[in-house]
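Okay, structure first, notes after.
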Amino acid sequence: MCLAQENKKSVAIVGCGGAGLAAIKHFTAEGSLFKCVAFEQTDNVGGTWVYTDRVGKDKYGLPVHSSMYKSLRTNLPKEIMELQGFPHKGPEDKSYVAANEMLKYLEDYADHFDLMKHIKFHHHVKEISPLEGNRWRVTVIDLQENNVEILEFDGVIICIGNYSNPAIPEVPGIEKFRGIKMHSHDYRDSSVFKDKSIAVIGCGPSGLDISFDIAKVAEKVYLSHHNQRVKNMKFPSNMVQKTDIKEVVENGIVFQDGSYEQVDSILYCTGYNYKYPFLSPECGIRVENNHVKPLFKHVLNIEHPTMYFIGIPTNTAGFCMIDLQVQFAKTFLEGRMKLPSKEEMIEDTRLDVELRLASGLRPKELHMMGRRSKDYYDSLASLSGLESVSPVVLQIYFDGIDRFMCDFSHFREDKYKLLDKDHYMVKFPNEEEPVMRRQEIVSN
């Protein structure tokens, strides 16, 4: 038994949110060729689903990872937010659940598959650098003991999530503004905005969700954006849609249409940047205009193919993708399938970028999947000999997004049930009977 353990390949997993837990589960499954150590700098699993009142720095002086706010409920049905082999146990009467329910799901997942024994909590990864033979040196700090450890591994799986490094745009005149300036990363509850006038910049899922939350207590909420799909949305009476910002002055904002509004606060809901400060330059990974490269299939480090990034793509059914990406990484790390040559991976990636730009995506949007999700999943599955994501999952994802845009105030009352890989049922508010639907995903 000891000899078998010695012969196993060693894998470092960075981060223990949903992606990290899926990685630990697959890499330590019965019969695995790997031994794993996972590093988590907080005291709990769950990643971004862990709520904390703290903002800025944690007790160790490290940036707070979580962007969770008190009122958050999922904007996707829990039925498509499951990791392989572990369905949600409840509640059956609702599809959209609170953040603490998602956290409980991940904690139960970790307990069910006995993952905790593989995790070193309060361990901060300071640096990862390549060694000869496609191996890795990982420098970690035991935050409780303030000790530094230098370890070596055969593979590295990066699972740090996408929602911890705020993207703050350059806004003309912002330095003149006298009121509160905050990114949604630091938003926790609406009380700080009670009876105030707020400008919210950005109307992605978080921007809309937080704007509606703030509108319950604020005097006025001005939502500044350029998303045409949001124009016809029904908003509370104290929410006003505005164009993009032209200039900020001491006590207010001049918008592109020439209008002016006096505001007490500015809230950036402008998304997040990919950031990997612990990767040495020798790792070969660069982030340019929020595009992580060079990555084959948005997951594998082309320069060092024993390093994998889990969960980078956005605008897709994340939990299912995470599982598939982890199994993709495991397949090639154990040598069960052979990777394309470096030249082939570079060319495939070049063509992918070219097609995305030609379709109208901006350089900073090159990791967005959307209607390309099925093709992406199928390509991962085809290369690795795995089963792709069930089409019905993506159908629910896109139908849910459409409902989100059409009826923001009530879409979370919809109730979903998966029937098989092609069919699902959904019950809408004020409808007596659920409706059965079939997947009709069209690749793009």
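The values are calculated or read from the model by the stated rules, or taken from the named source; none is laboratory data. A quick note: this is a predicted structure, and the numbers were derived from the prediction, not measured. Methodologically, a virtual Cβ is constructed for each residue, glycine included, from the backbone with ideal geometry; neighbour enumeration extends over all protein chains shown. Side chains are part of the model used for accessible areas, which takes the heavy atoms of the whole protein and leaves out ligands, DNA and RNA. Shrake-Rupley method; radii C 1.70, N 1.55, O 1.52, S 1.80 Å.
Below, the figures for the structure above:
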{"read-out": "Gyration tensor over alpha-carbon atoms, the range 222-266, equivalent ellipsoid semi-axes in Å", "value": "20, 13, 7"}
{"read-out": "P(r), alpha carbons of the range 196-309 - 10 Å bins starting at zero, rounded %", "value": "13, 34, 19, 19, 15, 1"}
{"read-out": "Angstrom value of the Kirkwood radius, inverse mean 1/r, which spans all Cα pairs in the range 329-444", "value": "16.9 Å"}
{"read-out": "Gaussian network model of the chain, Cα within-10 Å springs - most flexible of L279, L361, L300", "value": "L361"}
{"read-out": "Whole-number percent relative contact order across the range 313-439, with pairs defined as alpha carbons under 8 Å at least 6 apart", "value": "23 percent"}
{"read-out": "Restricting the range 62-156 to trypsin sites (Lys or Arg not before Pro) in coil, as DSSP defines it, with at most 13 other Cβ within 10 Å", "value": "K89"}
{"read-out": "Extension gain from S71 to M405, taking 0.36 nm per residue of separation minus the Cα-Cα distance", "value": "118.3 nm"}
{"read-out": "CD proxy at 222 nm, helix term only [per DSSP H run n ≥ 4: -39500 (n - 2.57); per residue of the chain; nearest 500]", "value": "-7000 deg cm²/dmol"}
{"read-out": "Most mobile of S359, S129, S184 in a GNM of the chain (Cα contacts under 10 Å)", "value": "S359"}
{"read-out": "Largest-first principal axis extents of the Cα set of the range 9-53 (Å)", "value": "41, 15, 12"}
{"read-out": "Selection of trypsin sites (Lys or Arg not before Pro), the range 284-354, meeting DSSP coil and at most 10 other Cβ within 10 Å", "value": "K338"}
{"read-out": "Accessible surface of the chain, 1.4 Å probe, proportion on carbon and sulfur as whole %", "value": "49 percent"}
{"read-out": "The chain, relative contact order in percent, only Cα pairs under 8 angstrom and at least six apart counted", "value": "16 percent"}
{"read-out": "Among the listed pairs K70/K120; K78/K104; K8/K330; K8/K78, those beyond 24 Å (Cα-Cα)", "value": "K70/K120; K8/K78"}
{"read-out": "Backbone HN-Hα couplings from phi across the range 195-204 [Karplus 6.51/-1.76/1.60, Hz, Gly and Pro as x]", "value": "6, 10, 9, 10, 9, 9, 9, x, 9, x"}
{"read-out": "FRET E, pair S237, E354, Förster distance 56 Å, beta-carbon r, rounded to 0.05", "value": "0.75"}
{"read-out": "Rel. contact order, % - alpha carbon contacts under 8 angstrom, at least six apart, the range 198-317", "value": "19 percent"}
{"read-out": "Under the Karplus curve 6.51 cos²θ - 1.76 cosθ + 1.60, θ = phi - 60°, whole-Hz ³J(HN,Hα) for the range 52-67, x wherever Gly or Pro sits", "value": "9, 6, 5, 10, x, 10, 8, 5, 9, x, 8, x, 5, 7, 6, 10"}
{"read-out": "Rounded FRET efficiency, nearest 0.05, which uses the C-beta distance separating V64 from E127 and R0 of 25 Å", "value": "0.75"}
{"read-out": "Kirkwood-type radius of the range 297-364, with distances r between different C-alpha atoms, in Å", "value": "13.2 Å"}
{"read-out": "Surface/4 estimate of mean projected area, convex hull on alpha-carbon atoms of the range 33-191, nm²", "value": "13.5 nm²"}
{"read-out": "For the range 115-183: span of alpha carbons on each principal axis (Å, largest first)", "value": "52, 30, 24"}
{"read-out": "Distance violations [Cα-Cα > 19 Å] among K89/K117; K25/K117; K9/K275; K246/K275", "value": "K89/K117; K9/K275; K246/K275"}
{"read-out": "GluC sites (Glu not before Pro) lying in DSSP loop within the range 170-229, provided at most 11 other Cβ fall within 10 Å", "value": "E170"}
{"read-out": "Computed accessible area, D111, all protein chains, 1.4 angstrom probe, square angstrom", "value": "100 Å²"}
{"read-out": "Counting DSSP beta bridges with both ends in the range 1-156, the antiparallel % (nearest 5)", "value": "60 percent"}
{"read-out": "Alpha-carbon Debye profile of the range 160-224, log10 I(q)/I(0) at 0.13, 0.19, 0.25, 0.28 Å⁻¹", "value": "-0.37, -0.79, -1.27, -1.45"}
{"read-out": "Accessible area in square angstrom per residue, the chain, 1.4 angstrom probe", "value": "47 Å²"}
{"read-out": "Interchain or long-range residues, amide H under 5 Å from V64's placed H", "value": "G56, K57, D58"}
